[in-house]
1. Return the whole-Å distance between the Cα centroid of region 456-518 and the Cα centroid of region 400-447.
2. Quick check for me: using +1 on Lys/Arg Cβ and -1 on Asp/Glu Cβ, what's the dipole size of the chain about its Cα centre, in debye to the nearest 20?
3. Got a sec? Charge dipole of the chain, +1 on Cβ for Lys and Arg, -1 for Asp and Glu; which of Leu472, Leu44, Asn527 is way out at the positive end?
4. Only Lys, Arg, Asp and Glu count, each charged at its Cβ (+1, +1, -1, -1), so figure out the dipole size of region 567-657 about its Cα centre, rounded to 20 debye.
5. With a sphere of radius 14 Å drawn around the Cβ of Ala567, what net charge do the other residues whose Cβ falls strictly inside it have (Lys, Arg +1; Asp, Glu -1)?
6. If I compute solvent accessible area with a 1.4 Å probe over the protein chains, what percent of it on region 162-264 is carbon and sulfur?
7. Only bridges with both residues in the chain count here: give the DSSP antiparallel percent, nearest 5.
8. Over region 320-427, what percent of the accessible surface lies on carbon and sulfur atoms, probe 1.4 Å?
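The values are calculated or read from the model by the stated rules, or taken from the named source; none is laboratory data. What you are looking at is a predicted structure, and each value in this text was computed from that prediction instead of being measured. Note that each Cβ is placed from the backbone with ideal geometry, even for glycine, and that neighbours are counted across all protein chains shown. Each accessible area value is taken on the protein alone, full model and side chains, heavy atoms only, with ligands, DNA and RNA left out. Shrake-Rupley method; radii C 1.70, N 1.55, O 1.52, S 1.80 Å.
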Amino acid sequence: MMRKNISRITHHAISWVFPYPALKFTPMSHLNRYHTLLFMLFCLMVAATLRIPELADIPPGVHFDEAANGVLSAEIGLAGKRPLFISSYTGKEVLFFYLAGGMMRLLGQSVFTLRLTAAFVGIITVAATYWLGMEIFRDRRIALMAAALLAISFWHILLSRLGFRAITQPLWQALAVAALLRGLHRNRWPWLVFAGAGTGLTAYTYLAARLFPVLLLVGWLPVLLNRPAWRRWRQLLLFGGAALAVASPLLFYFYTHPDAFWVRISQVAPGETGLSLGESFLRSLEMFFLVGDPYVRFNLPGRPLFDFFWGGLLLVGWIILIWRLYQHWQQLPDWQKSGLVSLILAPLIMLLPTALAVNEIVPSNLRAIGLIPFVFYLPAVGLMIFVDDLRKRFPKFELTWTIFAIAVLALIAGGLYVQRVYFDTWAEMTQTFFETDGDMTAVADFLDNYDTADKTIFLASLHYRHPTLAFLSEQYGDIKWLPHSEAVVFPARGTGLYIYPYKSPLPPWARRYFERAKLLPAQTAVNDIPAYEAYLLRQPPELTMNQTANANFGNVITLLGFDLLEAGQSGGTIPLLLYWQVQQAPGQDYTPFVHLEDEWGQRWGQTETFAYPGSQWERGDLIVQRVEVPVPSGAPPGAYRLRTGIFLPETGERLPRLDEDGRYAGDSYLMEPVGVAAGPPPHPLPQP
C-alpha cells in the first residue's frame, strides 16, 4: 500500500518537472500569457523599486574598489581608452566598464551613473531568469517564482546597487544558457550563435566566470554523447565557434600576458595558511541557508542566501530534480537533460570560486555570484511540489487565481521585508558606513565645499592616492598624502589643512603638534560619529628633538635629528621619531630606510617607510616621521645600532651623505647605542 502511494506521489510530481507528451502534463502549469505578463511587469517594478532609489547615497560610502571602477569606467567612456583587460588593481575584466563608460557619456561621471549601470543589469537579469526558467522547464510557474525570488533577494539587491563588474556575470550566464537551449530545441542557428557570443562575453565579466565553461562542458555531456543525433555536433560546433571568436581577443591577451591571468588567482588560491579546502567548501555550503558571508560590504554579516523556509525548499527541489532525472532519463530530450544536469551541478561548481579562495573571506557573496540565477530555480521547484500536492488534495477547488494572488502578495511582502533589511538595517549600520569608505567619501565632499585656496592639503589615508578621492573630488590633484598616518608634514610657507579620516586617525604621538591648530567642523557619520577631523595650522610648531644629527643626503633632504622613544625587545619593535627637512624637490619617490645592526654590522631587522612619498616633497618641508623597527624573536640582548638613509626603491640606489664641505661621507647615518632586551621565546620554537 505504501509503495502505491509513493508511486502515485512520484507520478504527480513528475508531471510538472518534465511536462512533455511522454509524461502526464499538469493543467495547473498553464498560466496564460496575460497572467504571466502582468506578474512579470509587477516583478520588474518591484526589482526596480528595490534597486534604483537613493543610489547615490546608499551604500553610504564609495569604497576603494568601487571608486577605482568609476575611474576606469570614465577612462573608457570619457577618455577614449579601449582595453581588452585591465591589469591594474590586480586585474579586472572589462565588460562592465564599457557599459558604465557608455552610461557616463550619456549622463556624466558620477556615483549615480556608475551604480545605475549595475542596477539596470540587475533588473534585466530578473527578466533573463524568467526566460531561462521557461527554456528549461516549460512551466511558467517555476520561471515566475524564480524571477520573483531573485527580484527580492537581498544578495542580488545589494550587488545590483554597487558599481562592481561581477553583476554582469549572472546576466550573460542566463542569456547564454537560455539561447543555447532554444537553439538546440528549435534547431535555429541564430540562437546558437547568440548563445556562443554570450558565453564568450562571460569571460569579460568577472574572475568567477572562468568556471562557467566547466559547468557547460559537464552539464552538456548528454548532448555531446547523444550519438544518433549527429546534427547536435554541428550545432555545438557553431556554438563553440561563436564563443571562441568572441573570447579569443582576451585569450590571446592572457597568452601574451600570463601574469595578468594568474595574479588574482594566486592571491586567493590555497596555500600554507588559511582554511583547508574541506573546511572552506563546508563553510561555503553553509551560506545557502545556515551561515552566510560575514563581510558587511557584501552582506548583513552572517545572513545566508535563503532563510530556512526557502532553503528547505531549495534542498527539496534539488533532491527531487536528481531523483526525477534518474527515473525518467530515457524519456527526456537530450537538450533538456543537459539543462537539468547543469541546474543540478551549478550549486557545486559555481560555488568553487568562494570555496577555493581559502586565503580570503569564506564564504563570499561576491565570489559566489555565479550561482545566480541557477540556484533560484531549486526553491521554486520545491514549492511547486507542495502546490501540486494541494491540487491533488482539493481537486474541486480552483487554485489558479488563489495561487496567483498569493504570489503577488508574497512578492509585495517579501519586497517590503527586504526593503527594511537593506535600507533600514544594513544601510544604517555604523560598520557599513566605514567599511564602504564613508569617511573618505565625506572628506571628498568636504574638500569640494571648502575654500582650499592658499592652503596645502595633507590627507591621511590607508591607501596612497585613494581612488575614492580620485573619483569624487575635484581637489584630488592638490592633495598630499600621509599613508597610514605615520608622518606629519609642515610646509615651509602657507597654511596647512590636515584631514584625518575615521579609519586613519591622528596618531597620539602627533597630537602635540596640533595643540594650537584650529579644529574645523566635520560631517558626522551614523550615530553622530565624526567621519574625519580637519585642522588648520597657520605656522609650524617648534620642533624639539632629543638628539641632533644634521646629516645631509645628496643635498636633497637632511636628517635634523631623532628621538629614540624606548629600548627594544626581541620579538617587538624599536620606536623612534625622525626629523627631516627637504632641501629640494626630487620628483621621485625616495624612501627612508632604517636597519637594526649589531656591533659587527650584522643586520637583524629593517624597515623601509613610505610615510611621505618623495614625489610630494617641496623645498623647506619639515617632516616628522614615526618608525617602528622590528626586532626578530630570539635576537640576543645587548647593544645595537640603527642605520638610516634614503634610497630609490626602483633601483636600490642610495643618496650619498655629504659632510659640511659637500664631500662624500658614506650613504647612511648611524644612531647608537640602542639597547635590546630579552623577550619571550619565539612560538613555535624553531626546529633544527
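1. 33 Å
2. Details: 54 positive and 52 negative charges, 953 e Å.
So the magnitude is around 4580 debye.
3. Leu44
4. Working: 7 positive and 10 negative charges, 40 e Å.
That gives a dipole near 200 debye.
5. On the way: positive: Arg641; negative: Asp563, Glu566, Glu628, Glu672.
Neighbour charge sum, excluding Ala567 itself: -3.
6. On the way: 3360 of 4720 Å².
Summing carbon and sulfur atoms, their accessible area is 71 percent of the total for region 162-264.
7. 85 percent
8. Working: 2970 of 4380 Å².
That fraction is 68 percent.
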